[in-house]
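Here is the structure we will look at.
Here, each number is a calculation from the coordinates, and none is a lab measurement. Source: prediction; values computed, not measured. Note that each Cβ is placed from the backbone with ideal geometry, even for glycine, and that neighbours are counted across all protein chains shown.
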Amino acid sequence: MKESLSARMRRLAAEAFKFLTVGGLGYIVDVGLSNVLAYGVGSIPALLDGSPIKSKIVSTIISMVVVWIGNRLWTYGDRTTGSNLRGISLFIAVNMAGMIITVIPLGVTWYLLDMRDQLTYNISTNIIGVGLAMIFRFYAYRTWVFKEASPDAEVVVEMDEHHTVPEDRD
């Protein structure tokens, strides 16, 4: 039976809400850590001063762990990733692509435009870069990483040695 458009839209809205909630938590980890690493906080000096891309890479990798757990257990908990190795491999590949998308605006502002203040850093990477990467990740997670089983998928039926379908075996 085909799902109605309104039911599909409600399901997509619920999925998007969960995705954005998990992503929001990952975003807080990512932005907070990248700023601490690149600029420090209070009396704590920057650990990676002058290395904004390294700061963003480190913060992104740590936030990926948070997001993997949230999406695997909550957002897409009802979907399969195939094997755990396949799911994690696809998740890492998608997030590496997302990280590249995130740091491109940062590279442009920092290295090409020589705009190195904290506000420009945050706008280029944590608003523009993360926003573009978020759109890519939402599509990629639901399409490749946490792929929904197709209701029209072929059912494979085992036949016995007489080429007949055996009776229901419990």
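Kirkwood radius for the stretch 10-145, taken over all pairs of different Cα atoms as the inverse mean of 1/r, rounds to 15.4 Å. Of the peptides 118-126, 52-60, the ranking by mean beta-carbon count within 10 Å, highest at the top, reads 52-60, 118-126.
Under 1.5 on a/c is rounded, so check that first for the stretch 4-48, then, if it is not, pick prolate when a/b is larger than b/c and oblate when it is not; a ≥ b ≥ c are the square roots of the alpha carbon gyration tensor eigenvalues. Prolate shape, in that a/c is at least 1.5 and a/b is the bigger ratio. With the simple spin-label model, which puts each label point 7 Å out from Cα in the Cβ direction, the Ala14 to Ala97 separation comes to 2.8 nm.
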